[in-house]
Amino acid sequence: MRQRELKKLKAMVAKLTFAQRRELTDALVAEDGAAASVGIIEAQKRRATCPHCGSERVVRNGSASDLQRYKCRICSRTFNTLTGTPLARLRQKSKWIAQAEVLRDGMTIMQAE
């Protein structure tokens, strides 16, 4: 974002009501959580290998849901860092870090609630 656009955004925020500011804050916090989760996943500096055929002949192939996509040159299938892991089909990335902390602490579902 350019400085000029940021300045306009700040001016618009100043005009928000209290309820609108709270809603905006909640949305920003959720987005920070999702960005942090994706950042942790993408920071893993491991060589991408195809989870389908095991080949290391993969190329970057765009992105989806803020995660880097890869394409295998051998079997032509696409995948991301999470394919073949327990996190593969989970949604709500913004809550992953908090959920991991609860699991780490050994809390029950009722306590976590």
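Any read-out appearing in this document is the output of simple, stated calculations on the displayed coordinates, not a laboratory observation. Just so it is clear, the model here is predicted, and its values are computed rather than measured. Glycine gets a Cβ as well: all are built from the backbone with ideal geometry, and neighbour counts include every protein chain shown.
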**Request:** Would you work out the charge dipole size for the chain about its Cα centre, treating the Cβ of every Lys and Arg as +1 and the Cβ of every Asp and Glu as -1, and quote it to the nearest 20 debye?
**Result:** 720
**Fill in**
If amide H atoms are modeled at 1.01 Å from N in the peptide plane, then the residues at a separation of 5 or more from Asn61, or on another chain, having amide H under 5 Å from its own are Arg69, Tyr70, Lys71
**Item:** Computed [θ] at 222 nm, deg cm²/dmol, the chain (DSSP H ≥ 4; -39,500 (n - 2.57); rounded to nearest 500)
**Value:** -14000 deg cm²/dmol
**Request:** Would you mind computing Rg(Cα) / (2.2 N^0.38 Å) for the chain, counting N as its residues?
**Result:** 1.44
